[in-house]
Amino acid sequence: MAKHSNRKNRIGILTGGGDCAGINAVIRAVAKKAIHDYDMEIVGIEDGYEGAVHNRFRKLSNRDVSGILTLGGTILGTTKKVNPYRYAIKKGEDFEYKDMSKVTVKNIRKMGLDCLVVIGGDGTLGIAYKLFNDGIPVVGVPKTIDNDILGTDLTFGFDTAVSIATEGIDRLHSTAQSHHRVMVVEVMGHNAGWLALCSGIAGGGDIILIPEIPYSMEKIIDKVKERHRTGKRFSIVVVAEGAKPKGGAVVIQRMVKESSDPIRLGGIGFVLGDQIEKLTGFETRSVVMGHLQRGGTPTAFDRILATQLGSKAVDMAANKDYGSMVAMNNSKLITIKLQDVAKGHRSVPVDHPLIKTAISLGTCFGVS
Ligand code: F6P
């Protein structure tokens, strides 16, 4: 982007998509590193791409990012509904869609950014890739509790979400045991099973159901009954919101028409709980972990990961490594092209070592 010789380099930060723990830790790392190591200026765009479309941004100083390492959410605000390439405008009960990308590109140029650091999940980073193709120098940072971004083994926010879901499962264990009940816990994760798999293993779930392995109701019932027969009069079922029966469909909680990804999953836990109770005769309760998994203070692991990712993103900006995302590969920080990130989402391989380990301990995945 055009650079005026007597001014400092300027980095913009935008946070898009669903929030999670650790976003502020990334914002802090980007701003502190850019100021400390490169004497750059920092600009924060407000409310994700909404702020880029409407030219809403503010300068961030060292003081603005001080004390936010442990803070949940994002100090810049975010939205899951705005796509500048398909901007929804309310028309009565419905929406009309307009391409606002040219205005967005113009606004970002006017902000005088040398690089825009986009912190987001697959949807947000897909839009960042389009902006890159339209001439905006972009660097991506992978963020989501779903851990489903292509090209990185880990996203920040995931570890915190796993810890929260695990604590929930731990607390359900005692009540399940006391009442001899089946407890079904629905966790988020979108169309990927990482969150259910990891919290299910950490929480000692007896049955773990993930989108990548469509389940058979019969196998679930067999497992619950077998546990009762062998003296375990309670069972814990951890189900991903995107799980579905063999030959069946996901349960949709709501449609958010104006969003580019309008389907909001949710409700499988209640459907499954009712079926289990009916088919086994055992009292069953269902709990949805929901947005609790996205809130609050990041774990130490996520703070460290967020700090590393944010710091590396600034180096990438300084080295003009645009159109790329910082990623974690075998515990090493690498960079990967946004073109490859935008190709889809990262599912759990059905032969993942964690699944094999859990099966070897007797955990049921609804298939055997
Ligand atoms: O992508 C993060 C996520 O929390 C998913 O796990 C979940 O499916 C979705 O966002 C929920 O979206 P919303 O915040 O619109 O309810």
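Which net charge results for the neighbourhood of Ala31, defined as the other residues with beta-carbon distances under 11 angstrom from its beta-carbon, given Lys and Arg at +1 and Asp and Glu at -1?
With Lys, Arg at +1 and Asp, Glu at -1, the neighbours total +3.
Take every DSSP beta bridge with both residues inside the chain and express the antiparallel ones as a percent of the total, to the nearest 5.
35
For Arg233 and His180, calculate 0.36 nm times their separation in residues minus their Cα-Cα distance, and state this gained length in nm to one decimal.
So the chain would gain 18.6 nm between Arg233 and His180.
Which length gain, in nm to one decimal place, applies between Arg109 and Arg264 when the Cα-Cα distance is subtracted from 0.36 nm times their residue separation?
52.4 nm
Could you give me the radius of gyration and the Dmax of the stretch 141-187, taking only the C-alpha atoms into account and expressing both in angstrom?
14.5, 45
What ranking of Ile89, Ile252, Ile213, Ile127 emerges when the number of other C-beta atoms within 10 Å of each C-beta is taken as an exposure proxy, fewest first?
Ile89, Ile252, Ile213, Ile127
Remind me, relative contact order of the chain in percent, using alpha carbon pairs under 8 angstrom and six or more residues apart?
RCO, the chain: 22 percent.
Going by how many other Cβ atoms sit within 10 Å of their own, how do Glu226, Glu96 line up, fewest first?
So the ranking, lowest neighbour count to highest, is Glu96, Glu226.
Check every DSSP H run in the chain and write down those whose alpha carbon atoms cover 15 angstrom or more along the long axis and whose mean Kyte-Doolittle hydropathy is -1.0 or greater.
23-38, 122-133, 158-179, 268-280, 300-318
For the stretch 344-368 and the stretch 88-160, what is the separation of their C-alpha centers, rounded to whole Å?
Cα centres, the stretch 344-368 to the stretch 88-160: 32 Å.
Which number comes out as Rg/Rh for the stretch 79-181 once both Rg and the Kirkwood Rh are worked out on C-alpha atoms?
Ratio of gyration radius to Kirkwood radius for the stretch 79-181: 1.19.
What would the Debye formula give as log10 I(q)/I(0) at q = 0.10 Å⁻¹ for the alpha-carbon point model of the chain, no solvent?
At q = 0.10 Å⁻¹ the computed log10 ratios are -0.64.
Between Lys278 and Ala249, what is the FRET efficiency for a Förster distance of 22 Å, r being their Cβ-Cβ separation, to the nearest 0.05?
Calculated value: 0.65.
Taking only Cα atoms of the stretch 1-120, what ratio of Rg to Rh do you get with Rh as the Kirkwood inverse-distance radius?
That ratio is 1.01, to two decimals.
Can you list the GluC sites (Glu not before Pro) in the stretch 4-93 that are in a DSSP coil and have 15 or fewer other beta carbons within 10 angstrom?
Filter output for the stretch 4-93: Glu93.
Listing Met289, Met255, Met217, Met188 from the residue with the fewest other Cβ atoms within 10 Å to the one with the most, what is the order?
Ranking Met289, Met255, Met217, Met188 by Cβ neighbours within 10 Å, fewest first, gives Met255, Met217, Met289, Met188.
Can you give the alpha-carbon Rg of the stretch 135-276 over 2.2 N^0.38 Å, where N counts its residues?
Here the Cα radius of gyration is 1.15 times the empirical estimate.
Please work out how much length the chain gains when fully extended from Asn133 to Asp39, using 0.36 nm per residue of separation minus the C-alpha to C-alpha distance, in nm with one decimal.
Extending this stretch completely gives an extra 31.1 nm.
Just to confirm my numbers, what's the Cα centroid distance between the stretch 182-215 and the stretch 29-63 in Å?
37
FYI, it's all coordinate maths here, none of it is from the lab. Bear in mind the structure is a predicted one, so any value in this text is a computation, not a measurement. Backbone-built Cβ (ideal geometry, glycine too); neighbour counts: all protein chains shown.
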